[in-house]
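The values are calculated or read from the model by the stated rules, or taken from the named source; none is laboratory data. Here the structure is a predicted model, which means the values were calculated and not measured. Heads up, the Cβs are rebuilt from the backbone with ideal geometry, glycines too, and the neighbour counts pull from every protein chain shown.
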Amino acid sequence: TAGDRGFLAEEHKGEAESRPPVVTVMGHVDHGKTTLLDTLRKRSVAASEAGGITQRIGAYTVELDGQKITFIDTPGHEAFTAMRARGAQVTDIAVLVVAADDGVMPQTREAIAHARAAEVPIIVAINKIDKDGADPQMTRQSLSEEGVLADDWGGDIPMVEVSAKQNINLDGLLEILNLTAEMSELKAVREDDAAGIVLESTFDTTKGCLATLLVQRGTLKKGDWAVAGCNVCRVRLMQNDAGGEVLEASPSTAVQVTGFQDAPTAGDQFEVYKTAQEARAVADKREREMSRGPVGFAGLGSDSEQTMKLALILKTDAQGSIAAVKHMFSEVKDSKYVNLRWVLAAPGPITDSDIELASTCPQGQKVMVLGFNTNVSPTAERTAKERGVMIQNFNVIYELFDTVVAALEGELTQEEKLVEKGSALVKAIFKGRDGAVAGSEIIEGMFTVGNRVHAFRNGRKMGEGTIGSIRRFKEQVKEIDEGNECGLSITGFEDWQEGDEIRCFEVKMVSPELVSKK
Ligand code: GDP
């Protein structure tokens, strides 16, 4: 069941108690996600005496018909995707909003793929049934073509027809939500140190760093020492979704806390430690580990105490191929294959959005984008090179399998290769807002933002950095070529002198064994 997933399944001291479901609303833009969340929220506020001040903190819990439900209030499913790419399972149930006058649209398909990849139950809300031109039957039909078949059409996906705007049949939706939650038997231990996920973090000039935390197990208390990524937090002020101060937060509730020194990253997991020392030690250890390995595959199979997980993004020609590929791995019961994590498996070409998903994985987490009988869009290939994400495309399933196994066994390593792009001469130095700017003339080739540069003085290498920005006259440009003058801001090197030479390189990630096996 859904309650057994992830770390909720680990052993704990206390007894697991039932907890409210955490629900994400997904769907195509303008299909009514925000309206649905707003209407549900208003109903809940109207029903409770507390009412009054409400603020948006990334997630909120409503109590409707005596049942609590926590909604993740993030626009679209980008955050959902980013979190899952970090290994965080945020959601128990996905509500897919599809406008009845529009039917299945591109982001509807993406949402379906993401919900499936996360293996969370889907409930479809066919929205805008009040509208002229609404055609719920056509919507069901188009969903069934995506393999999303209504339970009353012989499938297993509950569908409800609603109007988020006119508040029609939201009771029906809530009923299904509660039923689905009940069947998932969602449980968490209450009496334990808290752990969960960072949903959002912002910086407030007076309060400092504000982070919204979703507690997934245990109870978060004021004064606790929490660690998210490499950031330590002494929980100082905790506010709930109504803006009120609270001293405790139980499983499936979100709170906004102050006390983080640096902003944690959305999608990071957090956990509470007994003492400040313990928390600091964990954060320090992570910091050391992170500063070790370069991007890509280097470090895979290293002697790190933790077993490395390999995150996979799989794109195929058809739904059936996904099953075939996954089946191949499930056949092998060897423990090393347990370290595979399917971040996404969906039909379609490899696109920029897959690379995006891959590059949201934290350092130290190995990730690979696999294609099977599909295409790689040219922009995806370029983006992958820039970000150091590995794409491997196959036509033969055994080759895919062998490559993934090689990656798991640490045989597939990826190295940086520098490809020279051009050179420039530093003619003057300026003070910019973010440090020194090298006023330069491009002597040869082309310079692009993000390229690596090496600084030379009288033929001796002085240091290196990355092109942070290029300014030509008053404008910021992405690239600049031969014969032009510009201001270069280099991240990592500022100690310029007139007459220095700058050599510019494109960084390519190459794998000795990486030949597209097409
Ligand atoms: P989102 O992009 O999915 O968050 O969509 P919004 O909630 O912002 O809704 C987009 C537009 O559709 C807005 O103008 C809403 O007022 C409208 N809308 C949302 N739900 C309904 C509905 O049930 N019926 C009608 N007629 N309009 C709706």
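I'd like the full set of residues that are surrounded by fewer than 16 Cβ atoms within 10 Å (Cβ to Cβ) and more than 36 Å from the chain's Cα centre (by Cα), limited to the range 442-455.
Answer for the range 442-455, where residues must be surrounded by fewer than 16 Cβ atoms within 10 Å (Cβ to Cβ) and more than 36 Å from the chain's Cα centre (by Cα): Ile443, Glu444, Gly445.
Of all residues in the range 319-331, which are touching a Pro at 6+ places or on another chain (Cβ under 9 Å) and either under 14 Å from Val404 (Cβ atoms) or modelled with pLDDT of 80 or more (or both)?
Ser321, Ile322
Could you name every one of the strands (runs of 3 or more DSSP E) located completely within the range 392-463 that has at least 3 residues being under 19 Å from Glu381 (Cβ atoms)?
So the answer is 415-432.
Of the residues Thr54, Thr34, Thr61, which single one is modelled with pLDDT of 85 or more and more than 8 Å from the ligand (Cβ to nearest atom)?
Thr61
What strands (runs of 3 or more DSSP E) completely inside the range 122-226 contain at least 2 residues that are at pLDDT below 95?
187-189, 195-204, 208-217
What is the number of the single condition among (1) farther than 17 Å from His28 by Cβ; (2) within 15 Å of the ligand (Cβ to nearest atom); (3) of a type outside the set (Gly, Ala, Ser); (4) in contact (Cβ under 8 Å) with a residue 60 or more places away in the chain that Asp132 does not meet?
(4)
Of all residues being hydroxyl-bearing (Ser, Thr, Tyr), over 18 Å from Lys326 (Cβ atoms) and at pLDDT 85 or above in the range 368-411, which is surrounded by the most Cβ atoms within 10 Å (Cβ to Cβ)? Just the residue, please.
Across the range 368-411, the extreme among qualifying residues is Ser377.
If you take the residues of the range 152-174 that are among the small types (Gly, Ala, Ser) and within 16 Å of the ligand (Cβ to nearest atom), which of them is nearest to Thr34 (Cα to Cα)?
Ala164
Which one of these is closer than 22 Å to Glu386 by Cβ, in contact (Cβ under 8 Å) with a residue 60 or more places away in the chain and β-branched (Val, Ile, Thr): Val404, Val453, Val426, Val419?
One residue alone meets the criteria, Val419.
Out of the residues in the range 332-346 that are within 20 Å of the chain's Cα centre (by Cα) and not hydrophobic (A, V, I, L, M, F, W, C), which is modelled with the highest pLDDT?
Arg341
For the range 351-363, name all the residues that are surrounded by fewer than 23 Cβ atoms within 10 Å (Cβ to Cβ), β-branched (Val, Ile, Thr) and modelled with pLDDT of 85 or more.
Thr351
Name the pairs whose Cβ atoms lie under 6 Å apart, with the first residue in the range 96-117 and within 18 Å of Arg341 (Cα to Cα), the second away from the ligand (no atom under 11 Å from the Cβ) and assigned to a helix (DSSP H, G or I), and 6 or more positions between them or separate chains?
His114/Thr81
Among (1) at pLDDT 90 or above; (2) farther than 12 Å from Glu485 by Cβ; (3) of a type in the set (D, E, K, R), there is one condition Asp434 misses while meeting the rest; what is its number?
For Asp434, the failing item is (1).
Within the range 74-115, how many residues turn out to be under 14 Å from the mean Cα position of the chain (by Cα) and at pLDDT 85 or above?
1
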